[in-house]
1. When Phe72, Phe67 are ordered from fewest to most other Cβ atoms inside 10 Å of their Cβ, what list results?
2. Taking θ as phi - 60°, what are the ³J(HN,Hα) couplings along segment 50-66 by the Karplus curve (6.51, -1.76, 1.60), each to the nearest whole Hz, with x for Gly and Pro?
3. Exposure proxy check: Ile77, Ile111 ranked by fewest other beta carbons within 10 Å?
Amino acid sequence: MIASWIVKRMVRSSLYMANQDDFDVDALLKQMADDAVYDVGTELGIGETIKGKKAIADWFEKWKKEFPKRKFEVKSICFSAWPLMPRNVMTAQWTLTETDRQGREYEWDGISVFHMKNFKTVRATEHISCKGLPQLSTLIKPTAKAQSA
């Protein structure tokens, strides 16, 4: 019960830290293992896998430059742990509103799953909805008329 409270507080604190315009990436990632893996995916099947704390930090530095304004709203956090077990799983459901350098605003819903070992994240997987993007049909342009045989 105490471990659950500690982990939920850590996650909530990390997400709210990312709301700052120029947050400290190293502070944000202090609970991440050096060999951690960060997976990001969307409902469109677009995503990437980043390996190693240094590469993850570089990704976050680029993200905060491209999206200088952001606001996370935490919807729920769930922590699953067996007493005295070194491996645990935690999930966080959130909404992110962010503004890019050109002033365009996007809103995403997401779920983060953190696999932890001894209170360090060894794998973080995020699934992000694309509700902030235009409808796919508005992005597809016809290239030519269909030919009949």
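1. On the way: Phe72 20, Phe67 16.
The order, fewest Cβ neighbours first, is Phe67, Phe72.
2. Karplus values, whole Hz, x for Gly and Pro: 10, 10, x, 4, 5, 5, 5, 4, 4, 4, 5, 4, 5, 4, 5, 6, 6.
3. On the way: Ile77 20, Ile111 15.
Starting with the residue having the fewest Cβ neighbours, the order is Ile111, Ile77.
No lab work stands behind these numbers, since they all come straight from the coordinates. None of these values were measured; they are calculated from a predicted model. Every residue, glycine as well, gets a Cβ built from its backbone with ideal geometry; the counts of neighbours run over all protein chains shown.
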